[in-house]
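Only the coordinates and a few stated rules stand behind these numbers; no lab work does. None of these values were measured; they are calculated from a predicted model. Quick reminder, even Gly has a Cβ in these numbers, built from the backbone with ideal geometry, and neighbours come from all protein chains shown.
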Amino acid sequence: MTGANVNGVSIDIRPLRDDAAIGEDAPPSITADLLTERAAHALGQVDDEGLDEIRSLRDDFARFMMPYKFGIDEINTKIGILREEFNELHAYNPIEHVSSRLKTPESLIEKLVRKGCDPSFESIRETITDIAGVRVTCSFVSDVYRVFELITAQTDIRLVEAKDYIANPKPNGYKSLHAIVEVPVFLSDGPVPVRVEVQLRTIAMDFWASLEHKIYYKYDRSVPAELLSGLKDAADTAAQLDETMERLHSQIRGV
């Protein structure tokens, strides 16, 4: 069930879904419907004024999230243009894969609580910078930095913040280049600046991060010490693989 008709009002409370979990703290996609029979029964006890408030809150949240969805579309379009140019005009394409996700209401609330953020749209907008996320997987480490420069050099994109976890990995071995960028989204009442987190990493880094995310989720972040040690060893192995592949790539290109 994705909705209910309560007191003559059709209510749709389907969750926004994560198309692809991005970042080590992002939860997996939520496919279960939020509206259970108990919730439907509870809504049936709400008077018309209460239903109007629920409907208004739903509309306000959808209005708040919509620019972030469009921000993802803008970034994906820009990356898509680069990929097509590389495919048509260059010797090889450094962009292997692109994925994106919009935070679910559940993960957004969880992060609000963790950060102690005021539950207002303005506070959320200023505090949480990864509501919209795009991940770019590249062939080699040098490609990560090249694609980063190509994206952030575009005149309508403003680089807000960059965190280089490749040069400075996290203690657990996590590597990636994170960039918070601001892109204009043109709505009917004018342009809106939207922040999107762009993560760039190699195939080896992405494989490791995917495994790490699954393990942390399975153990609810309380991962046994032996698994943490194994993850760190795997991160070191992935880094060695990237170094070897980069060296071979340079030899092939005659650099």
Among the listed pairs LYS170/LYS214; LYS111/LYS232; LYS69/LYS103; LYS103/LYS170; LYS103/LYS214; LYS78/LYS163, which are separated by more than 19 Å between their Cα atoms?
LYS111/LYS232; LYS103/LYS170; LYS78/LYS163
Suppose each label sits 7 Å from its Cα in the direction of the beta carbon; what would the LYS69-LEU159 distance come out to in nanometres?
3.1 nm
Scan around GLU96 for amide H atoms under 5 Å from its own, H built in the peptide plane at 1.01 Å from N, and keep only partners 5 or more places away or cross-chain.
THR137, CYS138, SER139
Quick check on the exposure proxy: order VAL192, VAL113, VAL183 from fewest to most C-beta atoms within 10 angstrom.
VAL113, VAL192, VAL183
Per its Cα gyration tensor (rounded if a/c is under 1.5, else prolate when a/b beats b/c, else oblate), the range 192-255 is best filed as oblate
Cβ-based net charge around PRO119, under 15 Å, with every Lys or Arg adding one and every Asp or Glu removing one
-1
Using alpha-carbon pairs under 8 Å, 6+ residues apart, how would you state the relative contact order of the range 87-224 in percent?
23 percent
In order through the range 143-158: 3J(HN,Hα) via Karplus (6.51 cos²θ - 1.76 cosθ + 1.60), integer Hz, x for Gly, Pro
5, 4, 5, 5, 5, 4, 5, 5, 6, 6, 7, 5, 5, 9, 10, 10
Only counting other Cβ atoms within 10 Å, I'd like LYS232, LYS175, LYS218 sorted with the fewest neighbours first.
LYS218, LYS232, LYS175
FRET efficiency, ASP236 to LYS115 (Cβ-Cβ, R0 22 Å, nearest 0.05)
0.10
Taking a label point 7 Å from the Cα of ASN93 along Cα-to-Cβ, the residues of the range 151-174 whose backbone nitrogen sits under 19 Å from it are 151
Cut-off is 10 Å between beta-carbons; in what order do HIS90, HIS249 appear when sorted fewest neighbours first?
HIS90, HIS249
